[in-house]
Each structure stands twice: as C-alpha cells, then as structure tokens.
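Working notes for the structure below.
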Amino acid sequence: MSNKKDIYILGIESSCDETAAAVVKNGREVLSNIIFSQISLHTLYGGVVPEIASRQHIEKINQVIRKALSEANCTLDDMDAVAVTYGPGLVGALLVGVAEAKAICYAKNIPLIGVHHIEGHISANYIEHKELEPPFLCMVASGGHSHLVMVKGYGQYDIIGRTHDDAAGEAYDKVARAIGLGYPGGPKVDAVAKEGNPEAISFPRAKVEGAEYDFSFSGLKSAVLNYLNQCEMKGEEIVIADVAASFQAAVVDVLVDHTISAAKALNVDKVSIAGGVAANSALRASMNKACQENNMIFYYPSPILCTDNAAMIGAAGYYEYLNGNFAGWDLNAVPNLKIGERAV
Ligand code: KG4
Ligand code: ZN
C-alpha cells in the first residue's frame with residue numbers, strides 16, 4: 001500500500017502507565033493512535049505502581065500494536081522504521097517497549113529509532129499544527145517534567161527552565177490526593193476548579209533565586225497542605241472547589257509568566273505547550289490570552305495528544321529518521337535520560 005515517497009513509522013510508548021502504539025505517515029499524519037490506559041488499575045493505589053505497569057505493558061503491547069496497524073490499514077511490512085520511547089520513565093515499563101521495538105526491527109530489517117519522551121511531547125504540536133516549524137518555545141509540563149524548551153530545529157533543543165523539585169503534574173496529583181479527589185489528579189482538579197473561586201485563597205507563586213525561568217512547585221503543594229491542616233484545626237469549612245481553583249491559578253500563573261518572559265527574552269513569537277498538564281483548560285485559556293496580548297502565536301495539541309500517546313513518538317521519530325539518527329541493537333532503557341542526549 002505504501003507509496004515509496006511516503007515514510008511510515010510505527011511509534012511505541014510505554015514509559016509510564018499508558019501502553020500505546022501509532023502509525024504516523026511523514027511525521028505529521030496520524031493513521032492510528034491506540035492507547036491502552038492502565039489508570040483504573042493504579043487508581044486503587046493512589047498512583048502508578050511500577051511493577052504493575054511493567055506487567056500490564058507486556059500483556060497488552062502486542063494487542064495494541066496489532067490494533068494500531070489494522071486501524072491504519074497497514075502491516076509491519078509497510079513500516080519504514082519503529083520509533084520507541086527509551087527514556088525518561090520507569091525502567092521496567094520502558095524496557096517492554098524497547099525490547100518490542102527491537103524485535104520488530106530485527107525481524108523486518110528496518111531501522112530502530114530511540115525517542116526521548118519529552119521530544120515526543122513537543123512533537124505532538126507538529127501533528128496538530130501542520131504549518132509549525134522550529135524555532136519556537138515549548139513549555140512542557142507533565143507528571144514527571146516541567147521544562148521550558150527552546151526548539152531551535154528538529155531534534156535541537158536548549159533547556160531554558162526546569163523544575164527544582166516537583167513537576168507541575170506531580171503537584172496536581174499530590175494536591176488532588178490531599179483534597180480527596182484521587183488519581184490522576186490533573187483532570188479532576190481541572191473539573192472541580194471550574195466551580196471554585198481562583199482568588200479565594202492566596203497561594204504562593206514561587207520564584208527560583210538566580211534562575212528566572214526555573215520552577216518550584218513543592219512550596220505551593222506544602223502551602224495547600226498547611227491551609228487544609230489549619231482549616232481542620234480551626235474547625236473551618238474547606239471549600240474544595242476554591243482550594244482547587246486557587247491552587248490551579250497559582251500553577252497556571254507561574255507557567256504562563258515564565259513562558260511569556262522567556263519568549264520575550266529570546267525574541268521568539270511562536271509559543272507552544274505540551275505534556276499532560278497542557279490538557280488543562282485554565283492553562284490553555286490563560287496562555288492563549290497572554291500570547292494574544294504579546295502578539296505571539298500560540299500552538300497547543302488537542303488533549304489526547306497532550307497526555308502520553310505513541311503518535312507523538314512517531315512524529316518525533318520521523319525527524320530522527322530524516323537525520324539518519326538510528327539506534328543500535330544495544331539500545332537500552334534510560335530512566336533519567338536528559339533531553340538532547342542521543343540513543344547512539
Ligand atoms: O504527559 P503525561 O500523560 O505523563 C507524563 O509524561 O508524566 O502527564 C500526566 C500528568 C499527570 O500528572 C496528570 O495529573 C496531568 O498530567 N494532567 C493534567 C490534566 N490532564 C492530565 N493536569 C492538569 N489538568 C489536566 N486537565
Ligand atoms: Zn508524558
């Protein structure tokens with residue numbers, strides 16, 4: 001079925017609690033995007049249990065890949081390469097995807113591409129916005145990361161800011177647990193916050209001394225916990241919606257502020273967001289407004305491409321493919337992989 005000029009990439013993602021596979025044509029056209037979410041299994045424990053995640057990946061990965069191929073009306077013989085997340089993430093979870101990708105590439109004699117998970121998140125913007133090309137600034141906020149990344153070219157990144165402690169999504173998940181919303185916290189806080197007053201409680205907007213664009217969310221998380229404790233001690237009523245809205249306002253303010261000031265300092269007029277927290281309705285609205293006020297163009301993926309998926313891995317893998325950045329058979333999972341490091 002494949003026209004020789006077109007490049008078909010099978011993307012595989014298994015770094016955390018989603019087992020995902022996708023077929024992506026020429027880096028930007030998603031022919032299928034299958035995600036098996038393990039969330040219901042982990043909810044019982046209030047967070048991702050690495051051992052359970054790995055076991056689920058090994059059970060589901062072949063079914064997920066088969067479904068991705070059939071929905072795309074393809075077979076493995078149509079694939080030009082396999083792109084797989086090899087870090088950062090949970091080591092046991094990553095190993096399932098890496099071993100699977102190697103087996104397919106070995107059997108079909110096609111190139112293996114190792115993709116950095118954050119590069120994947122950033123690349124979700126290429127799928128959504130066919131016209132988007134580097135350079136642009138991307139604010140990546142997920143359960144494990146909060147990074148401000150200057151995308152200088154395909155596969156070329158400068159880290160402008162990072163978190164010193166919790167990631168933004170982690171703060172969402174911890175606060176959600178404290179106010180009894182359960183796991184995963186982000187979407188739940190997002191929904192409950194719509195009923196609350198974002199100015200009801202004044203939570204801190206942390207600055208990191210000497211690192212203007214860096215983030216710190218652990219103080220905010222502690223401030224929420226202190227507030228809840230104090231209310232309990234004084235016997236005061238806790239309005240969950242107000243706590244959620246006020247916490248969210250503090251996170252969003254900092255993410256938007258840092259992104260816009262970095263964009264101004266770097267003189268870029270294209271701003272994007274990525275990662276699970278980029279699905280947040282308040283962040284999308286606030287970043288959109290700030291970009292408009294500052295004459296910047298705002299790019300954001302649809303929510304399904306913000307949270308973990310394999311289409312974004314296929315998109316990132318395409319540009320590695322064009323650059324000839326192929327991995328060897330010794331590709332390993334790298335749980336703490338830094339952005340910009342190569343698989344080979
Ligand atoms: O990108 P992702 O699926 O996985 C990681 O790479 O970590 O991000 C998951 C994180 C979780 O912390 C989740 O609570 C958060 O993204 N998240 C949200 C929303 N949807 C997911 N946070 C805020 N608002 C949302 N709507
Ligand atoms: Zn992710």
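Quick one: which residues, 5+ away or cross-chain, put their amide H under 5 Å from the amide H of F215? H built at 1.01 Å from N.
Hits under the 5 Å cutoff: R162, T163, H164.
Bin all alpha-carbon pair distances of the stretch 134-300 at 5 Å intervals from 0 and give each bin's fraction as a whole percent.
Calculated P(r), rounded to whole percents: 2, 9, 19, 22, 19, 13, 8, 5, 2, 1, 0, 0.
What's the angle, to the nearest 10 degrees (0 to 90), between helix 168-178's Cα axis and the longest principal axis of the chain?
With both axes taken from Cα atoms, the answer is about 50 degrees.
Report the GluC sites (Glu not before Pro) located in the stretch 238-344 that are in a DSSP loop and have at most 13 other Cβ atoms inside 10 Å of their Cβ, or state none.
Those that pass, being in a loop and sparsely packed, are E341.
So the label point goes 7 Å from the Cα of N323 along Cα→C-beta, right? Which residues of the stretch 67-105 then have their backbone N under 16 Å from it?
83-88
What 222 nm value per residue comes from the helices of the chain, counting each DSSP H run with n ≥ 4 as -39,500 (n - 2.57) and dividing by all residues, nearest 500 deg cm²/dmol?
That calculation yields -14000 deg cm²/dmol at 222 nm.
Which residues make up the longest stretch of the chain clear of chymotrypsin sites (Phe, Trp or Tyr not before Pro) that lie in a DSSP loop with no more than 14 other Cβ atoms within 10 Å, not counting the sites?
The longest uninterrupted stretch comes out as 46-328.
List every residue whose amide H lies under 5 Å from the amide H of F136, counting only residues 5 or more places away in sequence or on a different chain, with H placed 1.01 Å from N in the peptide plane.
Residues meeting the criterion, in which the H sits 1.01 Å from N, are V151.
Do any trypsin sites (Lys or Arg not before Pro) in the stretch 19-118 lie in a DSSP loop with no more than 14 other beta carbon atoms within 10 Å, and if so, which?
Nothing satisfies the criteria.
Expressed as an acute angle from 0 to 90° and rounded to the nearest 10, what is the orientation of the C-alpha long axis of helix 91-108 relative to the principal long axis of the chain?
The helix 91-108 is inclined about 20 degrees to the chain.
Between L266 and E131, how high is the FRET efficiency from 1/(1 + (r/R0)^6) when r is the Cβ-Cβ distance and R₀ = 22 Å? Nearest 0.05.
Efficiency at R0 = 22 Å is approximately 0.60.
Amide H to amide H, which residues 5 or more places from L31 or on other chains are under 5 Å from it, using H placed in the peptide plane?
Long-range HN contacts for L31: V23, V24, K25.
Any chance you could tell me what percent of the C-alpha pair distances in the stretch 121-206 go past 15 Å?
68
For a distance above 21 Å, tell me the whole-number percent of Cα pairs in the stretch 1-80 that qualify.
Of all Cα-Cα distances in the stretch 1-80, 34 percent exceed 21 Å.
Sum up the charges of everything whose Cβ sits under 12 Å from the Cβ of I201, counting Lys and Arg as +1 and Asp and Glu as -1, but leave I201 out.
-3
What's the Kirkwood radius of the chain in Å, using all Cα pairs?
Result for the chain stands at 20.4 Å.
Applying 1/(1 + (r/R0)^6) with R0 = 35 Å to the Cβ-Cβ distance of L76 and I304, what FRET efficiency is obtained, to the nearest 0.05?
About 0.90, to the nearest 0.05.
Between beta-carbons, use under 13 Å as the cut-off and find the net charge around A53, counting Lys and Arg +1, Asp and Glu -1.
The answer is -4.
Given R₀ = 35 Å, what would the calculated FRET efficiency be for K234 paired with Q156, taking r from the Cβ atoms and rounding to 0.05?
With R0 = 35 Å, the Cβ-Cβ based efficiency is 0.05.
By how many degrees, 0 to 90 and rounded to 10, does the Cα axis of helix 281-293 deviate from the longest principal axis of the chain?
For 281-293 against the chain, the angle is about 90 degrees.
How far apart, in nm, are two points set 7 Å out from the Cα along the Cα-to-Cβ line at K338 and at S281?
4.0
Taking loop as defined by DSSP and a crowding limit of 16 other beta carbons within 10 Å, which trypsin sites (Lys or Arg not before Pro) in the stretch 110-173 fit?
K130
In whole angstrom, note down how far apart the Cα centers of the stretch 294-337 and the stretch 141-165 are.
With the stretch 294-337 and the stretch 141-165 each reduced to a Cα centre, they are spaced 13 Å.
Beyond a 23 Å Cα-Cα separation, which of these cross-linked pairs lie in this structure: K194/K234; K67/K108; K130/K188; K25/K102; K152/K264?
Table pairs above 23 Å Cα-Cα are K194/K234; K130/K188.
Throughout, read-outs are computed from the coordinates displayed, never taken from laboratory work. Just so it is clear, the structure is predicted and the values come from calculations on it, not from any experiment. Note that each Cβ is placed from the backbone with ideal geometry, even for glycine, and that neighbours are counted across all protein chains shown.
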